[in-house]
Amino acid sequence: MTEVGIDKIGFFTPNFYLDMNDLAEDRNEDPNKYLIGIGQNKQSVIPSSQDAVAMAANAASKIIDETNRNKIDLIIFGTESGVDNSKSAAIYLQNLLNLNKNARAFEIKQACYGATAGLQMAKEYIKSHPDKKALVIGSDIARYGLKTAGEVTQGGGAIAMLISSNPNIMSISDDSAFHSEDIMDFWRPLKNNVALVDGHYSNDIYEQFFMKTIHDYSDKFNYDLNNLKAITFHLPYTKMGLKALHKILPEFSQTKQNELLTEFESSRVYNKEVGNLYTGSLYLSLLSLIDNSKNLKPGDQVGIFSYGSGAQGEFYIGTLKDGFKDLKRSNSNLKLIEERTRLNVDEYEKVFLDGDLPDGNFEITPNKKARFNFIGVKDLKRQYK
Ligand code: COA
């Protein structure tokens, strides 16, 4: 049976960040609440020139080349920061990256689950068309509002994944366990540009869905969870994944518990610095694990837990392939994170408020550090450069 999975991954986040020490001081909170209690050191600050489409183009352009461009005939854009109620972000992206026009290109939404939905659909497609490739995107801006409880869990960025047969980085299990239920833990009514969230309730549901789907996977497919080298989580803030991990740890030996905790630390290095990417968070955590773990080898199995509020959960297994080491060696993700510019709280607040875009036509100054930018609206049509 042909193996299908992630052949390449590209990551992008804009070049500004807010330090959680600065935010805590300004919001009159103990910094340790943010650094330890929430598990975040910094968050990317997203200028208006970097909408979901521009960030996706910046991430995907890193993995598109002449060897794969024309083989991609499926483009799935997972986002909850869509730029139009009708036209999909995938079509904008296809045009910006000069992708194959003989393709299916569309957008999907189920909160932070969108990229996983795309990845699983792409897997099924490539299984029956092994000579083709699919581009799957998770791109979002996590906005909760100034001085809200969720402010410390903001951030943004994009993940782009090339899905292919005989993948370089990770193959994906044929089997998967999933669960969905109508839950009002996090939502964003039409016309709201910040999310509404019941954060503590969301945390409870996330843990329940994690325990249900990981056990369902193990029971239905007779899978021994001791085979897992690591478990990666959707990480809106990194403490959330740690709390879920602690729920399952008592089911393992002490040695295995230590191993899973060590690998979890590697899987949250980048997320602690970037903050919440919504759809991309889980896959940034996977990148973080690959780049930062000192213990991984080809053949290692990684449990992958995806969660989208509202709510959808899914657990599946990834098996590392030889090429994951090349990704690790490239060092480009760390560079992108380390080279960002620190904003003070006033500067961050200004950028945040600029995110409330006016109606009608307007211009936005492009961010020179980014290859692709949203530059405004002309004749009521979005413009990119
Ligand atoms: N030192 C260390 N830890 C501290 C601390 C201190 N000085 N002060 C508080 N903490 C800990 C708390 O004990 C708590 O830890 P726990 O979760 O293990 O119990 C944690 O910090 C957070 O404190 P809490 O009082 O619960 O914070 P809060 O009421 O301000 O809300 C969130 C935190 C995460 C619920 C809130 O930021 C939120 O709603 N974010 C959005 C979450 C989201 O997006 N959910 C949906 C996506 S899946």
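Among the DSSP beta bridges whose two residues both lie in the chain, what percent are antiparallel, rounded to the nearest 5? Mind showing how you got there, number by number?
Details: 46 of 66 bridges.
Looking only at bridges with both residues in the chain, the antiparallel portion is about 70 percent.
Any idea how far apart Leu357 and Thr255 come out in nm if each label point goes 7 Å out from Cα toward Cβ?
The answer from the label model is 5.5 nm.
Each label point is 7 Å from the Cα along the Cα-to-Cβ direction; what then is the distance between the points at Lys369 and Asp131, in nm?
4.4 nm
Taking the Cβ of Asp26 as the center, what net charge do the other residues with Cβ under 10 Å away carry, scoring Lys and Arg +1 and Asp and Glu -1?
On the way: positive: Arg27, Lys147; negative: Asp22, Glu25, Glu29, Asp346, Glu349.
So the surrounding residues net to -3.
Per residue, how much accessible surface does region 1-91 expose to a 1.4 Å probe? Answer in Å², no decimals.
Numbers: 3270 Å² over 91 residues.
That works out to 36 Å² for each residue.
What is the sum of charges, Lys and Arg at +1 and Asp and Glu at -1, for the other residues whose Cβ falls under 9 Å from the Cβ of Gly78? Mind dumping the intermediate values first?
On the way: positive: Lys109; negative: Glu80, Glu107, Asp140.
Taking every other residue near Gly78 into account, the sum is -2.
Given all pairs of different Cα atoms, what value in angstroms does the Kirkwood hydrodynamic radius of the chain take? Let's see the in-between values first.
On the way: mean 1/r = 0.0483 Å⁻¹.
Averaging 1/r across every pair of different Cα atoms and inverting gives 20.7 Å.
Can you compute the FRET efficiency between Asp182 and Asn32 using 1/(1 + (r/R0)^6), with r the Cβ-Cβ distance and R0 = 51 Å? Round to the nearest 0.05. The partial results should precede the final answer.
Numbers: r = 36 Å, r/R0 = 0.71.
Calculated transfer efficiency: 0.90.
Summing Lys, Arg as +1 and Asp, Glu as -1, what charge do residues with Cβ under 15 Å from the Cβ of Glu349 carry, Glu349 excluded? Kindly include the intermediate steps, with their values, before the conclusion.
Numbers: positive: Arg27, Arg143, Lys147, Arg342, Lys350; negative: Asp19, Asp22, Glu25, Asp26, Glu151, Asp346, Glu347, Asp354, Asp356.
Taking every Cβ under 15 Å from that of Glu349, the sum is -4.
Given the Cα-Cα distance of Glu25 and Arg69 and 0.36 nm per residue of separation, how much length would full extension add, in nm? Provide the component values of the computation, followed by the final result.
On the way: separation 44, 0.36 × 44 = 15.84 nm, distance 4.74 nm.
Additional length available on full extension: 11.1 nm.
What percentage of the solvent-accessible surface of the chain, computed with a 1.4 Å probe over protein heavy atoms, is contributed by carbon and sulfur atoms?
Details: 7580 of 16260 Å².
Taking all protein chains in place, the chain shows 47 percent carbon and sulfur surface.
Go through 193-201, 220-228, 46-54 and give me the packing order, highest mean Cβ count within 10 Å leading. Display every interim value, and only then the final one.
Values: 193-201: 15.8, 220-228: 13.1, 46-54: 27.1.
The most tightly packed comes first, giving 46-54, 193-201, 220-228.
How far is the Cα center of region 65-81 from the Cα center of region 200-216, in Å?
31 Å
Can you tell me how much longer the chain between Asp219 and Lys381 gets when fully stretched, taken as 0.36 nm per residue apart minus their C-alpha distance, in nm with one decimal?
Working: separation 162, 0.36 × 162 = 58.32 nm, distance 5.07 nm.
Net length gain for the segment: 53.3 nm.
Relative contact order for the chain using alpha-carbon pairs under 8 Å, separation at least 6, rounded to a whole percent?
Working: 902 pairs, mean separation 95.6, N = 385.
Contact order relative to length: 25 percent.
The values are calculated or read from the model by the stated rules, or taken from the named source; none is laboratory data. Everything numeric here is computed off the predicted structure, so don't read it as measured data. Cβ atoms come from the backbone with ideal geometry, glycine included; neighbour counts cover every protein chain shown. Just the protein is used for accessible areas: all its heavy atoms, side chains included, with ligands, DNA and RNA removed. Shrake-Rupley method; radii C 1.70, N 1.55, O 1.52, S 1.80 Å.
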